[in-house]
1. Assign one of three labels to region 96-186, namely rounded, prolate or oblate, based on the Cα gyration tensor with a ≥ b ≥ c the square roots of its eigenvalues; rounded applies when a/c is under 1.5, prolate when it is not and a/b is larger than b/c, and oblate otherwise.
2. Out of region 28-135, which trypsin sites (Lys or Arg not before Pro) are coil in DSSP terms and have no more than 14 other C-beta atoms within 10 Å?
3. Given +1 on the Cβ of Lys and Arg, -1 on the Cβ of Asp and Glu, and no further charges, what dipole in debye does region 59-210 carry about its Cα centre, rounded to the nearest 20?
4. Order Glu197, Glu166 by their accessible area, 1.4 angstrom probe, all chains in place, largest first.
Amino acid sequence: MRRLALLLAAGLAGCASLPSARPAGDADAGAQVHRQRLEALGLAEGDCLAPAWQLSGRVALANGRQGGSGRIDWAQGGGAVQLQVTAPVTRQGWQLTVDAQGATLAGLDGGPQQDPDPQRLLREAIGWDVPLAALGCWLRGAPAGEAEFGPARVIDGRDRLPQRIEQAGWVVDYAGWVSAPAEALPLPTRIEARRGEARVRLLVDHWGVE
């Protein structure tokens with residue numbers, strides 16, 4: 001993978017207000033843009049974990065009772081995912097590996113934990129209730145597969161890039177995009193996903209794509 005450095009001037013911040021709805025003809029053109037985006041990202045089949053890419057950046061997590069922040073490294077491809085979150089001061093954290101055999105969570109007290117369902121494993125072990133498979137799409141500014149996660153509502157900014165995705169009870173906002181030479185389309189740099197009290201805020205420092 002080729003690593004692409006992104007120079008980010010803004011920190012984790014709230015997203016801009018959403019634009020008003022477009023006329024019907026313009027909405028049809030927007031739908032075509034989204035179909036083309038899914039194809040360019042390798043997501044036309046709805047499998048968010050299939051395309052190969054990686055990112056590193058800063059993440060803040062909260063679930064209404066507790067929260068924290070740290071570094072995040074995400075690498076995936078061919079249905080496998082490696083996710084590592086590290087606290088900035090103690091350098092302690094956890095590592096999640098997902099493949100065809102299920103999920104393994106390492107780095108916590110008591111030794112590695114395993115579960116066929118990575119979302120359930122993260123929820124029960126660390127209280128992070130996030131649909132990992134859908135994140136593989138949402139992090140790149142695309143809705144997840146409708147067959148698994150239901151219909152999505154995508155709201156564009158004036159630049160035709162997604163400004164908000166609403167799906168599976170989650171609201172994902174985007175504020176900031178970067179043009180990556182090795183990728184056919186711009187990729188988001190600031191992402192906030194929330195549902196109820198659960199919240200994930202991400203500032204991407206580096207994207208890596210094949």
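1. prolate
2. Filter output for region 28-135: Arg65, Arg91.
3. Magnitude of the dipole: close to 500 debye.
4. Glu197, Glu166
The values are calculated or read from the model by the stated rules, or taken from the named source; none is laboratory data. Since the model is a prediction, treat every value here as computed from it, not as a measurement. Cβ coordinates were reconstructed from backbone atoms using ideal geometry, including for glycine residues, and neighbour counts include every protein chain displayed. Note: accessible area is taken over every heavy atom of the protein model, side chains too, but ligands, DNA and RNA are not part of it. Shrake-Rupley method; radii C 1.70, N 1.55, O 1.52, S 1.80 Å.
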